[in-house]
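Working notes for the structure below.
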Amino acid sequence: HAQPFGQFAPIYSLDPAEPGGPQAEYGVAVLSRYRIVRAENHEITRLSTQDPAPAPAPAPGFGEVVVRVKGRPVHVYVTHLDYRPDPAVRIAQVADTRRIMAEDRGAKILLGDFNAEPDAPELAPLWEELTDADPGAPTFPARDPVKRIDYV
């Protein structure tokens, strides 16, 4: 029986809440029952939640791992797209996602909180190359969900 493996791709590393305490890290992660043979934390366009006057800029937090499944490499990407109502940053993030994924060959899986519903225009470019594994149910909010913003 394979042991689970995981890889964390931080977006933010914040100073400790108390002097001498641990840093707080926020980001995305992949957990896998298959051994992770390679991992990378790519940068995509982000609008900082920590800066009082943010401007869109490249920042880490687009995780990629490669796992071997039945001897074949599978690229698994994980992301968390911008939550703001204005889709401008998500449009840039989708373009960055497509560019990064195009660098790799073979089987690919994209996971994440896209903060937009399936028919959102800014997500349309993703559906040109990917098939949504629609669970047939809403995912947000966690308690009594009414819309779907999370994807495989």
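Here the label points at Glu25 and Arg98, each 7 Å from Cα along the C-beta direction, are separated by 3.2 nm in the simple model. Applied to the stretch 5-17, the Karplus parametrisation 6.51 cos²θ - 1.76 cosθ + 1.60 on θ = phi - 60° returns per-residue 3J(HN,Hα) values of 10, x, 9, 9, 10, x, 9, 10, 10, 9, 4, x, 5 Hz, with x for Gly and Pro. What the phi angles of the stretch 134-144 give under the Karplus curve with 6.51, -1.76 and 1.60, with θ = phi - 60°, is a coupling list of 3, x, x, 8, x, 10, 9, x, 4, 8, 6 Hz, glycine and proline written as x.
Run the helix sum for the chain: -39,500 (n - 2.57) per DSSP H stretch of 4+ residues, divided by residue count, reported at 222 nm to the nearest 500 deg cm²/dmol. Don't skip to the answer; put the middle values down first.
Values: 2 runs with 19 residues, N = 152.
That comes out to -3500 deg cm²/dmol.
Note on Ala57 and Thr139: their simple-model spin labels are 2.9 nm apart, each label 7 Å out from Cα toward Cβ. In this structure the amide hydrogen of Phe62, modeled in the peptide plane, comes within under 5 Å of the amide hydrogens of His42, Ile44, none closer than 5 places in sequence on its chain.
A viscosity of 0.692 mPa s and a temperature of 37 °C, combined with the Kirkwood radius over Cα pairs in Stokes-Einstein, give a translational diffusion coefficient for the stretch 1-72 of 231 µm²/s.
Computing Rg and the Kirkwood Rh from the Cα coordinates of the stretch 1-120 gives a ratio, Rg/Rh, of 1.01. Across the stretch 68-76, computed HN-Hα scalar couplings (Karplus, 6.51 cos²θ - 1.76 cosθ + 1.60, θ = phi - 60°) run 9, 10, 6, x, 10, x, 10, 8, 10 Hz from first to last residue, x flagging Gly and Pro. Of all DSSP bridge pairs formed entirely within the stretch 19-152, close to 75 percent run antiparallel. Distance from the Cα centre of the stretch 1-44 to that of the stretch 81-152, in angstrom? One Cα centre to the other: 21 Å.
Bear in mind these aren't lab numbers, they're just calculated from the coordinates by the rules spelled out. For clarity, every value in this text was computed on a predicted model and none was experimentally measured. For neighbour counting, all protein chains shown are included, and Cβ atoms are generated from backbone atoms with ideal geometry for every residue, glycine included.
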